[in-house]
């Protein structure tokens, strides 16, 4: 689902709206991920930093890469990281077929972005190469039939996400059910118990 998000300041009004916290539950999401303070994390589709900034605060001894394919989003996040004193948060300009994560990470988080990625099995095979041996992939996206999110025809069922990621070399590990409008699926590298 190609979609342009090239005016970061305008999108920030929507993405960073405090009302989003009610249904996105960012603090609960980060708590559920149980990250150690030195974790390395990549937030794919980071946009204006809604999760990337929170992740950086959650891993003060770690590193967070906020990945986006929109140059203006990467610029905005880089400026935000500097202005908020988060030197361990780095904005990364990814490509549609390659997130360009600079080093292996313990967690890749993809929130409200999975449905935008074109060739997901190939893309997430590439992501697999950016995970540490025990690394995890967490996907949060809108469920079918919910009042918010992308048009219904662009949404994917959690079953489809599982099938695509299992084909890309992942194993389903866990599902969290506390988000009212979204599924929250966690995967590990296939072969890891």
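Scanning for something modelled with pLDDT under 95, farther than 22 Å from residue 181 by Cβ and more than 15 Å from the chain's Cα centre (by Cα), does the stretch 98-119 turn up at least one residue? For the stretch 98-119, residues modelled with pLDDT under 95, farther than 22 Å from residue 181 by Cβ and more than 15 Å from the chain's Cα centre (by Cα): present.
Somewhere in the stretch 72-87, is a residue out of contact with any strand residue (DSSP E or B) (no Cβ under 8 Å at 6 or more places or on another chain) and within 29 Å of residue 190 (Cβ to Cβ)? Checking the stretch 72-87: not a single residue is out of contact with any strand residue (DSSP E or B) (no Cβ under 8 Å at 6 or more places or on another chain) and within 29 Å of residue 190 (Cβ to Cβ). Number of residues in the stretch 151-193 that are in contact with a strand residue (DSSP E or B) (Cβ under 8 Å, 6 or more places away or on another chain) and touching a residue at least 12 places away in the same chain (Cβ under 8 Å) equals 29. Which residues, taken from the stretch 148-166, are touching a helix residue (DSSP H, G or I) at 6+ places or on another chain (Cβ under 8 Å), farther than 19 Å from residue 107 by Cα and either modelled with pLDDT of 95 or more or part of a loop (DSSP other than H, G, I, E, B) (or both)? Answer for the stretch 148-166, where residues must be touching a helix residue (DSSP H, G or I) at 6+ places or on another chain (Cβ under 8 Å), farther than 19 Å from residue 107 by Cα and either modelled with pLDDT of 95 or more or part of a loop (DSSP other than H, G, I, E, B) (or both): 148, 150, 155, 156. Of all residues assigned to the stretch 128-137, at least one qualifies as being out of contact with any helix residue (DSSP H, G or I) (no Cβ under 7 Å at 6 or more places or on another chain) and in a helix (DSSP H, G or I).
Figure legend. Inter-residue proximity from the stretch 81-105: first residues in a loop (DSSP other than H, G, I, E, B), second residues surrounded by fewer than 19 Cβ atoms within 10 Å (Cβ to Cβ), beta-carbon distance below 6 Å, spacing 6+ or different chains. Indicated pairs: 94/100; 104/132.
The values are calculated or read from the model by the stated rules, or taken from the named source; none is laboratory data. Remember, it's a predicted structure, so these values are computed and weren't measured experimentally. Positions of Cβ are generated from backbone atoms using ideal geometry, with glycine treated the same way; all protein chains shown enter the neighbour counts.
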